[in-house]
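Okay, so here's the structure we're looking at.
The values are calculated or read from the model by the stated rules, or taken from the named source; none is laboratory data. Remember, it's a predicted structure, so these values are computed and weren't measured experimentally. Glycine gets a Cβ as well: all are built from the backbone with ideal geometry, and neighbour counts include every protein chain shown. Ligands, DNA and RNA are excluded from the accessible area calculation, which covers all protein heavy atoms including side chains. Shrake-Rupley method; radii C 1.70, N 1.55, O 1.52, S 1.80 Å.
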Amino acid sequence: RLVAGGSDIWRIDPDRSHLQRLTTSHHASAPAWSADGSRIAYVDRGGIWLMRSDGSGKELAYKLDDALATSRPAWSPDGTQLAFAGHGKLYLASTTGSRKAKRIADGTNPAFSPDGKRIVFSAQGALWVMPSAGGRAVRPGFTVAAAGARRPARRPPRGAPGGGRRRPAAAARSAPGP
């Protein structure tokens with residue numbers, strides 16, 4: 001189990017018998033385990049960092065030019081990609097080979113589907129789904145309002161493939177969910 005506290009990241013055994021401090025920068029937050037448990041991605045000082053699960057091997061993986069990363073990074077199920085957000089922009093990057101992050105949409109709070117084929121994220125007060133290989137973002141047919149009300153979907157967020165063009169709400173409702 002990971003805990004972000006006191007602006008650092010700590011690992012605690014499930015039985016709470018051992019507590020280990022993994023970072024000491026006083027700016028680390030939003031830790032996320034890789035699916036196999038071998039690595040941790042986290043936000044620290046304007047970028048996404050990676051480290052081994054024991055806290056060793058820290059490296060700045062993705063520097064966000066003008067932004068402070070604002071949401072927890074999300075690992076793909078196979079551990080080959082990370083999705084993350086900075087200043088309302090959603091990025092997708094490989095964890096192997098080239099470490100270039102590609103902006104894929106405007107949004108925050110990304111998560112991969114269990115099969116890794118889709119990414120769900122929030123934008124414009126709604127949830128959006130897009131293929132992880134790239135493509136058009138669609139709403140699964142409703143938005144989540146503060147009071148839990150449902151509204152029909154309207155259009156992809158600005159910056160997403162297909163963003164800015166109006167689409168019938170019925171077409172968005174029929175799109176597959178995560």
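When the stretch 21-31 is filtered for residues that are modelled with pLDDT of 85 or more and surrounded by fewer than 19 Cβ atoms within 10 Å (Cβ to Cβ), only Arg21 remains.
The residue that is farthest from His87 (Cα to Cα), among those in the stretch 7-51 that are part of a loop (DSSP other than H, G, I, E, B) and among the hydroxyl-bearing types (Ser, Thr, Tyr), is Ser17.
So in the stretch 99-129, with the set limited to residues that are in a loop (DSSP other than H, G, I, E, B) and open to solvent by less than 70 Å² (accessible area, probe 1.4 Å), which one is nearest to Gly47 (Cα to Cα)? Selected residue: Gly107. Determine if the stretch 33-45 includes at least one residue that is within 15 Å of Asn109 (Cβ to Cβ), touching a Phe, Trp or Tyr at 6+ places or on another chain (Cβ under 6 Å) and crowded, with 21+ Cβ neighbours inside 10 Å. No, because not a single residue in the stretch 33-45 is within 15 Å of Asn109 (Cβ to Cβ), touching a Phe, Trp or Tyr at 6+ places or on another chain (Cβ under 6 Å) and crowded, with 21+ Cβ neighbours inside 10 Å. Residues in the stretch 70-89 that are part of a strand (DSSP E or B), surrounded by 20 or more Cβ atoms within 10 Å (Cβ to Cβ) and at pLDDT 90 or above: Ala74, Trp75, Leu82, Ala83, Phe84. On inspection, Ser38 passes the criterion of being among the small types (Gly, Ala, Ser) and modelled with pLDDT of 85 or more. Among the residues of the stretch 70-98, those that are farther than 23 Å from Arg45 by Cβ and free of Cβ contacts under 8 Å to residues at least 24 places away in the same chain comprise Thr80, Thr96, Gly97. The single condition from (1) within 26 Å of Ser122 (Cα to Cα); (2) buried (at least 19 other Cβ atoms within 10 Å of the Cβ); (3) at pLDDT below 90 that Ala67 fails is (2).
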